[in-house]
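The values are calculated or read from the model by the stated rules, or taken from the named source; none is laboratory data. These numbers come from a predicted model, not from an experiment. Here the Cβ positions follow ideal geometry from the backbone for every residue, glycine too, while neighbour counts run over all protein chains shown. Please note that ligands, DNA and RNA were not included when accessible areas were found on the heavy atoms of the full protein model with its side chains. Shrake-Rupley method; radii C 1.70, N 1.55, O 1.52, S 1.80 Å.
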Amino acid sequence: MSAEAKTVQARHRVLGLSDQDVLEMYYYVALARALDERMWVLQRAGKAMFVISGAGHEGCQVAAMWPMDKKLDWFVPYYRSVAACLVKGMTATDMLLGLFARATDPSSGGRQMPGHYGHPRFKILSTSSPVGTQYPHAVGIAYASRLRRTGEVTMVSIGEGGTSQGDWHEALNFAAIHKCPVLLIVENNELAISVPLRKQMAVSSVAVRAAGYGMPGVTADGSDVLECFRVTREAYDRAKRGEGPTLIEFAVPRLGSHSSDDQQERYRSREELEQVRKRDPLLTFRAYLERVGLLTQGTLQDMTDRVRREIDLSTDEADRAPLPQPDTATRHVFYEGE
Amino acid sequence: MAELTYRDALRSALIEEMDHDRRVVLIGEDIGVYQGTFRVTADLLKRYGPGRVIDTPISELGFVGAAIGMAMLGLRPVVEVMTWNFSLLAMDQIVNNAAKLRYFSGGQVNVPMVIRGPNGAGVQLSAQHSQSLEATYAHFPGLYVVAPATPAEAKGLLRTAIRSDDPVIFLENAALYGMKGEVPDSDFALPFGKAAVARSGRDVTVVAYSRMVFAALTAAEQLAAEGIEAEVINMRCLRPLDAATIVESVSRTHRAVVVQEQWKPFGAAAEIAMRIYEDAFDQLDAPVERVTGADVPMPYARTLEVRAVPHEADIVAAVKKTLGKD
């Protein structure tokens, strides 16, 4: 083993992550990407009306979810949180049931658009289309946890575009005042549909805004999965110690269009697209695992086959699931009793 | 039975529910140290502490959203909006989130929260503090809309609201907070969607809610002096709407007048009148009349404000019109 390999290998170990951990993390990044790609194919094939993608965001999401207690803690996602929701407990089948709007879709029973993930059993709550609304919810959830002394931590995610909404600012203010145990994640891909960062905010990073609310703010390179893990775990430990919220910004590439309803080639140059592809966390994380000798051609092939099998089986399973019965359209407006 | 003001009836419901259920928390602007703009939360900070009586920053969107989060986690937040007009700042959280979370979770997520505060005009606070928003909120599936007129209703309906597993729009009225009335003791609750006959009569049905119930009752007194017996129905709730009680009454009186405090176009009176046409058209001997406020932003000057809301005389005139006596 070369001297360089030893140094890099030390990195995940120094962070307390086992070889098995980082391989499992890579698996989730790869699974989320394959699921994303499958959803687009299904949409283009006319099997779904709408797809919204998390491609490019998977590395930071998996890393951020890793320190969380999957059973105890809460997650309030946004529509790009595919990888985070997979780590938290949702399956590819769960997500495809939502894509196909089937009766057994665990998020909404076919009532909400695809990509609006929720799964109360896994403590994944609330996604709405107007961006930013999940932030006050998460802060309220964290407040309730603190009041009840349950030790639960809440994580909430949003894109940088959503941080321009009043909800976001009001939530940060409330979270800081009450020292809520919440991790406030912003996945900054520098584009809100087509609007670039410089038209979204006059500050150079979202994280600097934390100072205005009286909480720490930190930025990490979203293509550096281990760094994302490190900063999130630090924030998680702070929350656990009762020291309140942390604003965490991940700088991520947006690899695809905003959603299946737009074409990014209309507002992004070829050069820009080439540049962001170099930051793809699937590639950067794979390169790390290869450097430290954890992924070889053989193990990578095994992993790719495992992912492919899971996506194929999930697609078939979700496709076979029944559509909602039309006469159930009026169900679940109000409480219907046990 | 005890005689309580409308304000104290609300407050006693909050106290009893907070004693009964630790999940009940209060959240809003100036509800703690200041004890509430209309003193509905007087002394509650001292009783329950700052964990359960939460003074918020000025951020309706933020604290209504936070309350939704608390509710999803199983707390039962009672949000005070200083006036319902300020709820417009939180409209997205109320309409796009609170009202839809159960549906969008396929029935898995409860949102047991109450949003309460003064609605409507009458105390010279001009157009940004005086709007009646009941029809706006009653339009959306997923929200209960309640508008108590008496202290007993204030208490009985607030208890039901706090125990509800869905979001409740609880519309009080600033002009009613000081009004006194008999309130039953003990575990007294009133069901949603059940109107009350506030006065019996055989000649015409007058339908009203909240403060307008009292205008209708005064009008009925005046009409009685002229030999016209008006039946007054107090709706109590707009969603669910108790159409059955109205239809039963109209089947006996064959005439109906619907009263609402403010703007006529697309208002609650239009909905109620249409329900009468749908369910009791054959019973009607005259078209349904509407008595509504002026179609203007509520003015400040007393003389202007008084002119902009309905009065007994307007109700009397409408009743006489249905009887062909105008």
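Some observations on this one:
- For the range B:196-322, the equivalent ellipsoid built from the Cα gyration tensor has semi-axes of 23, 17, 12 Å, listed from largest to smallest.
- Global form of the range A:3-162, assessed from the alpha-carbon gyration tensor, a/c cut-off 1.5: oblate
- Residues residue A:323 and residue A:301, FRET efficiency given R0 of 45 Å [Cβ-Cβ distance, rounded to 0.05]: 0.75
- For the protein assembly as shown, diffusion coefficient by Stokes-Einstein and Kirkwood Rh (Cα), 10 °C, 1.306 mPa s, µm²/s: 59 µm²/s
- Among the protein heavy atoms of chain B, carbon and sulfur supply 54% of the accessible surface, probe 1.4 Å, non-protein parts ignored.
- Rounded accessible area per residue of chain B, 1.4 Å, Å²: 37 Å²
- Legend: residues B:311, A:178, sorted from most to least accessible area (1.4 Å probe; ligands, DNA and RNA excluded), read B:311, A:178.
- Summed over qualifying helices (DSSP H, 4 residues or more, each -39500 (n - 2.57)) and divided by its residue number, chain A shows a 222 nm mean residue ellipticity of -14500 deg cm²/dmol.
- Cβ neighbours within 10 Å from other chains - mean over A:164-174: 5
- As a calculated quantity, the FRET efficiency between residue B:295 and residue B:325 at R0 = 25 Å, using C-beta atoms, amounts to about 0.40.
- Cα lying deepest toward the dipole's positive end in the range A:3-318, options A:115, A:126, A:295, charges on Cβ: A:126
- Comparing Cα centroids, the range A:65-79 and the range A:269-335 end up 18 angstrom apart.
- Charges were assigned to the Cβ only: +1 to each Lys and Arg, -1 to each Asp and Glu. The resulting dipole of the protein assembly as shown about its Cα centre is roughly 1180 debye.
- Seen from residue A:332, the other residues with C-beta closer than 15 Å to its C-beta sum to a net charge of -2, counting Lys and Arg as +1 and Asp and Glu as -1.
- Per-residue extension of 0.36 nm, minus the Cα-Cα distance of residue A:283 and residue A:195, leaves a gain of 29.0 nm for this segment.
- Projected label points at residue A:331 and residue A:290, each 7 Å from Cα along the beta carbon direction, are separated by 5.0 nanometres.
- On full extension, the segment bounded by residue A:15 and residue A:237 gains 78.5 nm, given 0.36 nm per residue less the C-alpha separation.
- Inter-centroid distance (Cα atoms) of the range B:9-41 relative to the range B:299-318, Å: 33 Å
- Shown for chain A: cysteine residues without a partner Cβ closer than 4.7 Å, namely A:85, A:180.
- Charge tally in the Cβ shell below 12 Å around residue B:193, where Lys, Arg are +1 and Asp, Glu are -1, residue B:193 excluded: +2
- Surface burial for B against A, with a 1.4 Å probe and both sides summed, reaches about 3200 Å² of accessible area.
- Cα-based shape type of the range B:25-152, given that a ≥ b ≥ c are square roots of the gyration tensor eigenvalues and the cut on a/c is 1.5: oblate
- In chain B, a dipole from Cβ-located charges (positive for Lys and Arg, negative for Asp and Glu) runs towards its positive end, and of B:151, B:57, B:262 it is B:57 whose Cα lies farthest in that direction.
- Since only A:157, B:168, B:191 are under comparison, the one whose Cα sits farthest along the positive direction of the charge dipole of the protein assembly as shown, derived from C-beta charges on Lys, Arg, Asp and Glu, is A:157.
- Scaling against 2.2 N^0.38 Å puts the C-alpha radius of gyration of the range A:123-181 at 1.08.
- Environment charge at residue A:136 (Cβ cut-off 12 Å; Lys +1, Arg +1, Asp -1, Glu -1): -4
- Label point 7 Å beyond Cα of residue B:127 along Cβ direction - residues of the range B:57-84 with amide nitrogen under 18 Å: B:84
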